[in-house]
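Let me begin by presenting the structure, written as structure tokens, before commenting on it.
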Amino acid sequence: MTSEFTSDGAAGASPVTAGPGAADLRAAGSVTFAGGFDRASVEAAAALAVRAPSIHNTQPWQWNYGPTGLELRADRDRQLAVADPDGHSLLISCGAALSLMEVGLRAAGWLVDVERFPSRADPDLLARLSPAGRGSPSQLDLDRADAGSRRRSDRRPFTSDAVTEDAIEILRASADRTGVHVHFPVRAEEKVNLAVAVSWADRIERDDVAYTAEMARWVHDSDVHPDGVPAEVVPRISVGHARHTDIPLRDFEIGITGKSLIEADVDEHPIIAVLMTESDSGLDQLRAGESMMRLMIEAELNDLASCPLSQAVDLVAFRARLQTLMSWSGFPQMMLRLGRPIGDAGGRTPRRPLTDVLHFSGG
């Protein structure tokens, strides 16, 4: 079983090469392009931004750099018709990429202004980034870039080591932003209701032939396809070693055999982070994706593994049922499972070449 949001691999000629670290970003060139940023910084930051998680590793974003600045656009050709008919997961994914782009530019020495949904006439123009000045990146800026580069979604069981209250508060502070807050269900009743909601959504989707067919189209051989979910990162439970988990993960073993073997019996009790917003607009969903990425980077900095968990928020009806069942006043946008990792997270998911997602114009 695995989460549907995959987050590994990097941009460039090879879909599985490592992404840029802080040293690469700090060493980016100084030739300024039409939009204000120098081109080398934009390319290095974009190579980090494509490391963002996206539903089924669809990578539904496009970046354009020109006289009006650096623009993030939704790539509707990569929106999932069955699993994401309203574009919710697309916006979450693009928000995560936006957050990583800003991290990359700051590590390259740029202060950044971000304007979200800058044109009512063009709703697929999700954000415009422009320079707000130059400055030496802080050590924290560099650490965040390094964490964003090496972080991977960990689909395996976590250790039984408890995540401390102090660590939870650090995670909460990293993701709480205007209009977005993070809730950690800890009461027994909350955990039961959450498990019921996720299990129900998971069962509904798996019983949908169109849904399973769509998912199967995104399970690829990573040596051939620069997107989708490769078998190398799909967990496989060996015979006689059941996976016991509080919250079920999405199962990608549809027509394939996962190659990430989980050999030990384990009772999984990860902590769950729920990103919630005050309303449910496209702006809220984009911001929730940004907060998700910040939380995942902070988890990496604190030696915690993370993995998106989104069955119960895929569809409007699922989110409404979850909100009602949990008696939440806010709108649930995304969930993450977090815990102490067991060694290395394993294989990487591929990424499209940077030339497919970053375009320059007017310079």
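Coordinate-derived values only; no laboratory data. Quantities reported herein were computed from a predicted structural model and do not represent experimental measurements. Virtual Cβ from ideal backbone geometry, glycine too; neighbours counted across all protein chains shown.
Just to be sure I understand the model, the point goes 7 Å from the Cα along the line to the Cβ. What's the resulting Ala132 to Glu189 distance in nm?
About 4.2 nm separates the two model spin labels.
Take each of the peptides 118-131, 324-337, 80-93, average the number of other beta-carbon atoms within 10 Å over its residues, and list them starting from the highest. List each step's numbers first, then the result.
Working: 118-131: 15.6, 324-337: 19.4, 80-93: 22.4.
Going from most to least packed, we get 80-93, 324-337, 118-131.
Hey, rough spin-label estimate for Leu140 and Thr324, points 7 angstrom out along Cα→Cβ, what's it come to in nanometres?
4.2
With viscosity set to 1.306 mPa s at 10 °C, what whole-number translational diffusion coefficient in µm²/s follows for segment 67-126 from Stokes-Einstein and a Kirkwood radius over Cα pairs?
Details: Rh = 12.8 Å.
Answer, rounded: 124 µm²/s.
Work through the residues other than Arg73 whose Cβ is under 12 Å from its Cβ and net out their charges, Lys, Arg +1 and Asp, Glu -1. Could the numbers behind the result be given before it?
Values: positive: Arg76, Arg78, Arg128; negative: Glu71, Asp75, Asp77, Asp122, Asp124.
Every neighbour counted, the sum reads -2.
Calculate the spin-label point distance for Val209 paired with Thr68, positioning each point 7 Å from the Cα along the beta-carbon direction, and give it in nanometres.
4.5
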